[in-house]
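Reading through the structure tokens given below for one structure.
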Amino acid sequence: MLPPPTSWEQIYDLLGIKDFIYFISSPSIQDQLLGIKLAFIAFTIFFFCAVIYFYLNSSYLHYKFLQDTAEFISWQPYGLAEANKRWKKITKKLATGNENDYKLAIIEADEYLHLTLENAGYKGETFEELVKDAGTRLLPNYEDILDAHVVRSSIVYNPGYSLDIEKAKKILANYEAAVKNISIS
């Protein structure tokens, strides 16, 4: 039986590591492996470039870096600035004092909520199904939204539908709350 190795040198000799290292680093083997080395270098460069390309063209940077930066700069949750901008355009229609503009504002708010629900990934063929999929957790005013949608449908299908400013403001406030809840979730 062999005595146990006492130094790294003896361990290398016992396992044959030293001979293997000398063999691999010999000039004759290095000349033979040159083609394989170049192929692996080419593969490494190709895959590194592919990783960089897909990294830049994916939404990963957007979600991991740009979204946080936008939130930090604007002091608002991401997506809320765009929602506020579009919402101001809708609420400007209330300032005109024209009933037709009130109706148009409600129609646009309904379409904007529909688009926001679809972009957030909720499923449904109709507006009601989208709202139902979002549920009461994201839409605390669930019933009010469905009532507002009924008013919107009445406006679209009944040209003589009468709408006053107070009712329009209440409906738009419900839509605004829903859009902002969806936008920041």
The rounded separation in angstrom of the Cα centers of region 112-137 and region 161-185 is 15
For the table Lys89/Lys123; Lys93/Lys132; Lys85/Lys180; Lys64/Lys132; Lys89/Lys169; Lys103/Lys132, the rows whose alpha-carbon distance is greater than 19 Å are Lys89/Lys123; Lys93/Lys132; Lys64/Lys132; Lys103/Lys132
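Mind checking the full-extension length gain between Gln10 and Asp31? Use 0.36 nm per residue of separation minus the Cα-Cα distance, one decimal, nm.
Values: separation 21, 0.36 × 21 = 7.56 nm, distance 3.01 nm.
4.5 nm is the gain from fully extending Gln10 to Asp31.
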In this structure, the FRET efficiency calculated for Phe46 and Thr69 from their beta-carbon separation, with R0 = 41 Å, to the nearest 0.05, is 0.85
Note down the nm distance, to one decimal, between modelled labels 7 Å out along Cα→Cβ at Lys89 and at Leu146.
3.1
Among Val151, Val131, which comes first, then next, by fewest other beta-carbon atoms within 10 Å?
Val151, Val131
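Throughout, read-outs are computed from the coordinates displayed, never taken from laboratory work. Keep in mind that this is a model prediction, so the values were computed, not measured. For neighbour counting, all protein chains shown are included, and Cβ atoms are generated from backbone atoms with ideal geometry for every residue, glycine included.
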